[in-house]
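Inspection log for the structure reproduced underneath, given as structure tokens.
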Amino acid sequence: MKEKLKRIDGWLIGILIFAAFLYGWSIWKAGSSNDFYTSAIISMSKSWKNFWYASFDPAGFITVDKPPVALWFMVASVKIFGLHSWSIVLSSVLFGIGSVALIYKMIRPYFGRLAANLGALFMTITPIVVADSRTNNMDATLVFFLLLAGYILQLAVKKHKAWLVAIAFALIGIAFNIKMLQAFMVLPAMYFFYWIASTVGWKKKVVHLFVATAAVTIFTLLWPLAVDSTSSSKRPYIGSSSTNSVLNLAFGYNGSQRLLGQSTGTGGRFSGMGNSQKKQPAQGKTKNRPTGSKKMKSPGATATANKGGQQMGKQQTGGQGTQGGGSGAFNIGTAGPFRLLQKALGQQVSWLFPLALVGLIAAYLYEVKRQKKWWKTTQKQQQLLYWAGWLVPVAGFFSIASFFHPYYMIMLAPPLAVLSAIGVTTFIESLKKQRDRWQLYLIASGFWITAGLQAWYVYSYYPWLSWIIIVGTIGTSLLAVFYQKAHKNLIYGALAVAFLTLAPGFWSLTPTLAGASDAIPSAGPDLLSNSGQSSGGLGSESANTKMIKYLEKNTKNTKYLFATMDSNTAAPYIIKTKRAVMTIGGYNGTDNAISLAQFKKLVKEGKVKYFYLSGKTTSSSIIKWVKKHGTKVKTKEYTDTTSTASNQKQQGTSPNKRGTTGRPNGQKGQAPKGSFKKMAAKGQKTGGKAPSGMKTPSASGQGQKGMSKNQSQPSGGSMGGQSGTLYKLN
């Protein structure tokens, strides 16, 4: 018993508790989080058919734009604990904590306890990891399965078991059914690692990797082929696909379009959201469209945007779809080799990027020198190559890709955390041995470059912190390198590391202090002055309760509460009523999920009696038919016009006092004044709201301004701040 207790790492326990706090505190205030997926969770919990297909609506009319595996865990949580704000995000919290534990397990056997604890800590305080782990998006689940696959592959190499190799690669197939081709980014690293690390003969390696390829293929295609082989009349339409096919969704919208630019549902390709500093796409599938913005131009058109090509998503209160701490839905910087270091993405994940690269080089060269046989790899070198094999393709893809959200940067968190930890450990070991001065100087330079990058990140918020980071890191690292007395130089080295964790540690704390659970998750001080906070209940405030009462009164025996074109309009009503809302055009309102003839048949059968036409829908034959043959319901029947006018007057006059979405790159903004302690106190007292009279930075230095939902959301019930018209179908 005593031996078991000795083996327990107290530091790891503390780190896991800290991770649980960061990821889980105040998730009971999460609201509907990403209400697109919350609607699916509710719908999937109602029947096995909906559960299997990841149906967006309770009637099983159309699916969400991702496979179902991550949602299955969320539905299981809801079935066990009931439907609550916290239960819909609980699985993400647990997977986030699990990822921290796996980082530790993967590092310790090869680089020791110190490196394992540092890696776990760096993973814990990566800002985007915190933000993602507090939502019902798929990313925290995806990263856990990718890490689990890597851990199982390590065991396979160690134990020489072919079946473990098959399991490791099968987990990548499962990960594909979490977020599709994004999971395959780590496959090259896994193949290469097994080939160089396994000590079995090359013939057995070929056989093992052949079995592994079969495993990943089977588990990848099992669900997509099962769905695609089912008659379209017996299953939901595959949302966001152009041919009602899962494979088309995987290789089209969730595949090539991520790299080349979105074309599905836009009428034509538009490139690079964020590729240009002057232009951005005017229309396309943007989860969470701008609130209170002017009507978009025709597909393919471009519009002047703020620096970095920022396109802002909708802002809502209640933690439902808020923009978060500074990154717009498509604020992904300018494509190029340094995109990941730019503020748009770097503030979410890249705080230790230079240290990770320098640590990789220094640790690898040290092993080369120690072995004196550069053509042979040690176990440590094999591990370094695995993490480099994860980092390089992921970083390369996101450096040039056109269509993704900033929170996808969680894919970079594991290799950056691990390589940074290894770099620091190599530095500490060199200090202990007082040799290999070249290694000390090399890693110390990594400290200095990292400090400079962090100082640039925080300067627009806290100039004083920039100087603390630079002076503290450079000063203590120099003392560590040149101070010859034993132990004291280690203290200086530890202080240098501590200075480098100040800023990312605070950034990672902001989603927790703000109680954020955003559809487009991000972290940053702007969260502490945003108005986008939860009221604590599950159920979207964007749903017009008067319209719900009217519709429920008049659709008691009707299959659908109403029909509409896009899921952003439908989602809050599904969440609020638990009833089916027909989303004819899927997420964008542009899917071809149903023909006019089929729709008219449903109307004739009495399954659809009402159509809600929001102000952001695209032209279609169904809309033309509704306008021609439908009867407009009197506005006073479903809209509280007095309340609407009052809200617009009170909330639409001062946009900069509510709901920020961050600063354009390089712009010095008005950060909330005061120390970390004061900021934390304000965040706790106000629940993340700005103190009275405080102005927060504009979302754009040139054009658009960030607005919260309350500024322009009419009580007509349309999501995205556009009013709508309710038609009765004859």
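The values are calculated or read from the model by the stated rules, or taken from the named source; none is laboratory data. Small disclaimer: the values here were computed from a predicted structure and weren't measured. Glycine gets a Cβ as well: all are built from the backbone with ideal geometry, and neighbour counts include every protein chain shown. Heavy atoms of the whole protein, side chains included, go into the accessibility calculation; ligands, DNA and RNA do not. Shrake-Rupley method; radii C 1.70, N 1.55, O 1.52, S 1.80 Å.
Data overview
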item	result
Residue within the stretch 21-28 that is in a helix (DSSP H, G or I), open to solvent by 30 Å² or more (accessible area, probe 1.4 Å) and modelled with pLDDT under 95 present	yes
Of the criteria (1) open to solvent by 70 Å² or more (accessible area, probe 1.4 Å); (2) in contact (Cβ under 8 Å) with a residue 60 or more places away in the chain, which one Thr639 fails	(1)
Flag for Phe51 being under 25 Å from Gly98 (Cα atoms) and either touching a residue at least 40 places away in the same chain (Cβ under 8 Å) or part of a loop (DSSP other than H, G, I, E, B) (or both)	no
Within the stretch 97-147, considering residues that are hydroxyl-bearing (Ser, Thr, Tyr) and part of a helix (DSSP H, G or I), the one most open to solvent (accessible area, probe 1.4 Å)	Tyr110
Condition check for Ile443: touching a Lys or Arg at 6+ places or on another chain (Cβ under 9 Å), open to solvent by less than 20 Å² (accessible area, probe 1.4 Å) and in a helix (DSSP H, G or I)	no
The listed residue being at pLDDT below 95 and crowded, with 16+ Cβ neighbours inside 10 Å, out of Gly268, Gly239, Gly252	Gly252
Test: Lys205 is at pLDDT 95 or above, basic (Lys, Arg), open to solvent by less than 40 Å² (accessible area, probe 1.4 Å) and within 20 Å of Gln379 (Cα to Cα)	yes
Residue within the stretch 376-384 that is of a type in the set (A, V, I, L, M, F, W, C) and at pLDDT 95 or above present	yes
Residue within the stretch 183-205 that is among the aromatic types (Phe, Trp, Tyr), in contact with a His (Cβ under 9 Å, 6 or more places away or on another chain) and within 16 Å of Trp390 (Cα to Cα) present	yes
Test set (1) more than 16 Å from Trp456 (Cα to Cα); (2) open to solvent by less than 10 Å² (accessible area, probe 1.4 Å); (3) at pLDDT 50 or above - Gly333 fails condition number	(1)
Test: residue in the stretch 348-362 that is open to solvent by 40 Å² or more (accessible area, probe 1.4 Å) and over 27 Å from the mean Cα position of the chain (by Cα)	yes
Pairs, first surrounded by 12 or more Cβ atoms within 10 Å (Cβ to Cβ) in the stretch 366-385, second modelled with pLDDT under 85 and in a loop (DSSP other than H, G, I, E, B), C-beta under 6 Å, six or more apart	Val368/Trp374
Scan of the stretch 27-49 for residues that are in contact with a Phe, Trp or Tyr (Cβ under 9 Å, 6 or more places away or on another chain) and polar (S, T, N, Q), ordered by number	Ser39, Ser43, Ser45
Residue under evaluation Ser87, criteria (1) surrounded by 21 or more Cβ atoms within 10 Å (Cβ to Cβ); (2) under 30 Å from Asp65 (Cα atoms); (3) in contact (Cβ under 8 Å) with a residue 40 or more places away in the chain, criterion not met	(3)
Options Tyr492, Tyr483; residue that is at pLDDT below 85, of a type in the set (Phe, Trp, Tyr) and surrounded by fewer than 22 Cβ atoms within 10 Å (Cβ to Cβ)	Tyr483
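Each row is one residue, and each column tells you yes or no for (1) of a type outside the set (Val, Ile, Thr); (2) closer than 18 Å to Trp52 by Cα.
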{"position": "Leu171", "(1), (2)": "yes, no"}
{"position": "Met185", "(1), (2)": "yes, no"}
{"position": "Leu209", "(1), (2)": "yes, no"}
{"position": "Thr220", "(1), (2)": "no, yes"}
{"position": "Asp228", "(1), (2)": "yes, yes"}
{"position": "Ser233", "(1), (2)": "yes, yes"}
{"position": "Tyr237", "(1), (2)": "yes, yes"}
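The rows are residues; the columns are (1) open to solvent by 10 Å² or more (accessible area, probe 1.4 Å); (2) at pLDDT 95 or above.
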site	(1), (2)
Ser535	yes, no
Leu551	no, yes
Phe562	no, yes
Asn568	no, no
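Table: residues versus (1) surrounded by fewer than 18 Cβ atoms within 10 Å (Cβ to Cβ); (2) out of contact with any Pro (no Cβ under 7 Å at 6 or more places or on another chain); (3) not in a helix (DSSP H, G or I).
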position: Leu12; (1), (2), (3): no, yes, no
position: Ser33; (1), (2), (3): no, yes, yes
position: Tyr37; (1), (2), (3): no, yes, no
position: Ser43; (1), (2), (3): no, no, no
position: Ala59; (1), (2), (3): no, yes, yes
position: Asp65; (1), (2), (3): no, yes, yes
position: Phe95; (1), (2), (3): no, yes, no
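Here is a yes/no grid of residues against (1) hydrophobic (A, V, I, L, M, F, W, C); (2) more than 21 Å from the chain's Cα centre (by Cα); (3) farther than 28 Å from Ser522 by Cβ:
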site	(1), (2), (3)
Ser91	no, no, no
Met106	yes, yes, no
Leu118	yes, yes, no
Thr124	no, no, no
Lys158	no, yes, yes
Ala162	yes, yes, yes
Ala175	yes, no, no
